[in-house]
Amino acid sequence: MSKLVLHGSHGTDREIALDQERISIGRKAKNDIHLDDSAVSGEHAVIITLGSDSFLEDLHSTNGTYVNQNTVHKCVLQDGDEIKIAHYKFTFISEPAAQSAPGKTISATPKSQIEPRTEHPTMAIAMNASTLMPELTELAAASDMPGEMLLSTSSAAASEIAPGDGTLGVIRILSGPGSGQVLALSKPITTLGKPGMQVVAITLRDGLYYLGVVEGEELPQVNGAEIKSLPYPLQQRDVITIAGIRLEFTLK
Amino acid sequence: MATTPPRWKFSGASDTGRVRPGNEDAIAWDESLGLALLADGMGGYEGGEVASNLALSTVLETFCQPLASHWREAEWTKDISDPVLKLYAAVSQANQTVYEAAQQQPEYQGMGTTLLAIYFHDNKATLAHIGDSRIFLWRKQLLSQLTVDHTVVQQQIDNGEITREEAPYSEYRSVLTRALGVDPVVEVDMREVVTQCGDIFLLCSDGCYDMLAHDEMAAILDANQGDTHQIARQLVHKANENGGYDNISAVVARVL
């Protein structure tokens, strides 16, 4: 958890843990960090902490908030930043998200507990059962996360799409900054969208393209309507709306 | 052949959250099949997202095909209804597929996934469950949990070693006792629920239900009674607001 160190006037430091999403600073007593000084505004500034990132925002205070001697309105705090409010000085110490949920693991014990029941498993009311099945379906490569807005994992040049093999899907950007750009869906998975907002993945399986979601509260719209199945099998000339940008899918 | 419109409405949302670099959750549904799915993958470099996506696509694909004849040839399946066996067969196939992919490709070794499947048919919902993702039912303003986690913590609770209140602080809270794709066979918890008009079934990954108090979930369901899309969206939004420490996914199914 990140913290602030408030440097006292007599060399005494006080540590303040940024243990809430919102920590307010100001002269009024209701503030989380209460600075009783007439040069401090009633509601002076606020620090918002999300995961490992902390943001400092000045709440239009009279005498301003300074980070490393520059006036700030809103900024991301970096480890070691010196914050100054009136004559109070703080140091921001970044301690990245220890609270991140631990990754899932599988316990080592149960393997021996689960007995293969291929012969006569009983499916009682709980209907627990197991069996063995052959065959393997094709494994699609995992997607890369896109780094920039509306970028795909494919770096294929826009106009150099090889015609012909019958299964090549193409995405054409219809609106927004990249309007007119064309993207060949030649990889098993192509991710598209704006990270932090909405990201989708288009998967190629057995010559068909499927639209799935990676990120975002909203579902992508197809032809202006909510989709009935996910992954959605893309059809010729479908128009997909992702993060407010319209894309057209065509199969060459 | 006239097709009757589905008597259920599905929607969902999946988000990376605010801490994790990638999204290892996967969601899928098909209203015409009556099938909704959620998976939360784990393991290694990209293994988690491969496992969850491969599991879901295999379940969907298998489910679309007629039940392989060998299932009915086995003696033990004689008392099992078609829908239950069909769903079980699809989950079983997904286990096999993920397991073999993990065996064949060194970079995917040890990958696995939780799985939730809900299949609506007639006046019933058939549920299949592996791992620590959960299915909830919102009925008559009450939220109840229909699944029991396959985790070390749940075992400890069952054995009386710890209390439910201590569970969130356990060092074992993310250790699963069962997952899809880690062994050649997997035990699947299955149950059937007789549905009522207006029921809302909620499929959640741990990043969703861990980040939401029971009351917060109930409030979102209450405020958006009929709107599956809004419910999914607001659950993910609220879980993000509360920290978003893990990937967040929710699939919402309403019986019309």
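The values are calculated or read from the model by the stated rules, or taken from the named source; none is laboratory data. None of the values given here were measured: they were computed from a predicted structure. Ideal geometry is used to build each Cβ from the backbone, glycine not excepted, and the neighbour counts take in all protein chains shown. In case anyone asks, the SASA skips ligands and DNA or RNA and just uses the protein heavy atoms, side chains included. Shrake-Rupley method; radii C 1.70, N 1.55, O 1.52, S 1.80 Å.
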For segment A:168-220, what is the relative contact order in percent, using Cα pairs closer than 8 Å and at least 6 residues apart in sequence? 25
Could you put B:197, A:75 in order of accessible surface area, largest first, with the 1.4 Å probe and the full protein assembly present? B:197, A:75
Check: C-alpha center segment B:75-103 vs C-alpha center segment B:189-233, spacing in Å is 26
Quote to one decimal, in nm, the extra length available between residue B:142 and residue B:196 on full extension: 0.36 nm per residue of separation minus the C-alpha distance between them. 18.1 nm
Placing +1 on the Cβ of each Lys and Arg and -1 on the Cβ of each Asp and Glu in chain B, which of B:63, B:102, B:181 has its Cα farthest towards the positive end of the resulting dipole? B:63
Chain pair B, A: how much accessible area is buried, both chains summed, with a 1.4 Å probe, in Å² to 100? 5700
Taking a point 7 angstrom from the Cα of residue A:84 along the C-beta vector, which residues in segment A:10-49 have backbone N less than 18 Å away? A:10-11, A:37-41, A:45
In terms of the alpha carbon gyration tensor, root eigenvalues a ≥ b ≥ c, rounded if a/c is under 1.5 and otherwise prolate when a/b exceeds b/c or oblate, segment A:197-244 is oblate
With a point put 7 Å past each Cα toward its Cβ, work out how far residue A:70 is from residue B:4 in nm, to one decimal. 6.6
Let's see if you can work this out: charge +1 on each Lys and Arg Cβ, -1 on each Asp and Glu Cβ, no other charges. What is the dipole magnitude of segment B:32-178 about its Cα centre, in debye to the nearest 20? 580
Between segment B:1-50 and segment B:136-170, how many Å separate their Cα centres? 23
Taking only the alpha-carbon atoms of chain B, the convex hull volume per residue, in cubic angstrom, is 138
Considering Cα pairs under 8 angstrom that are at least six residues apart, work out the relative contact order of chain B and quote it in whole percent. 28
Other chains' Cβ within 10 Å of A:53-64 residues: what's the mean? 0
Mean other chain Cβ within 10 Å across B:54-66 is 2
Around residue A:6, with a cut-off of 9 angstrom between Cβ atoms, what is the net charge of the other residues, counting Lys and Arg +1 and Asp and Glu -1? 0
What is the local net charge at residue A:54, summed over the other residues whose Cβ is closer than 13 Å to its Cβ (Lys, Arg +1; Asp, Glu -1)? -3
Take chain B, connect every pair of alpha-carbon atoms lying under 10 Å apart with a spring to form a Gaussian network, then pick out the residue of B:189, B:158, B:210 with the largest mean-square fluctuation. B:158
Listed residue pairs exceeding 22 Å between alpha carbons, taken from A:3/A:74; A:187/A:252; A:3/A:84: none
List, by residue number, every residue in segment B:205-231 with a reduction of 20 Å² or greater in accessible area between the chain on its own and the complete protein assembly, 1.4 Å probe. B:229
If Rh is defined by the Kirkwood formula over all Cα pairs and Rg also comes from Cα, what ratio Rg/Rh do you get for segment B:102-196? 1.04
In the protein assembly as shown, which cysteines lack any other cysteine Cβ under 4.7 Å from their own? A:75, B:64, B:197
On average, how much accessible surface per residue is there in segment B:134-256, in Å², for a 1.4 Å probe, leaving out ligands, DNA and RNA? 41
Counting only other residues whose beta carbon sits under 14 Å from that of residue A:221, what net charge do I get with K and R as +1, D and E as -1? -2
Of all alpha-carbon pairs in the protein assembly as shown, indicate the percentage at a distance above 28 angstrom. 58
Ignoring ligands, DNA and RNA, what percent of the 1.4 Å accessible area of the protein assembly as shown is carbon and sulfur? 50
Pick from B:113, B:177, B:77 the residue whose mean-square fluctuation is largest in a GNM of chain B, springs joining Cα atoms under 10 Å. B:77
Considering Cα pairs under 8 angstrom that are at least six residues apart, work out the relative contact order of segment B:56-182 and quote it in whole percent. 24
Can you list which of the trypsin sites (Lys or Arg not before Pro) found in segment B:1-95 are DSSP loop residues with at most 12 other C-beta atoms within 10 Å? B:78
Going by accessible area, probe 1.4 Å, with all protein chains left in place, what is the ranking of A:36, B:25, largest first? A:36, B:25
Which parts of segment A:13-35 would a label at residue A:91 reach, counting a residue when its backbone N lies under 14 Å from a point 7 Å out along Cα-to-Cβ? A:13-16
Which of the three applies to segment B:142-220, rounded, prolate or oblate, going by the alpha-carbon gyration tensor with a ≥ b ≥ c and a/c under 1.5 meaning rounded? oblate
So which lysines can residue B:124 reach, going by Cα to Cα under 24 Å and dropping same-chain residues fewer than 8 places off? A:228, B:9, B:78, B:86, B:140
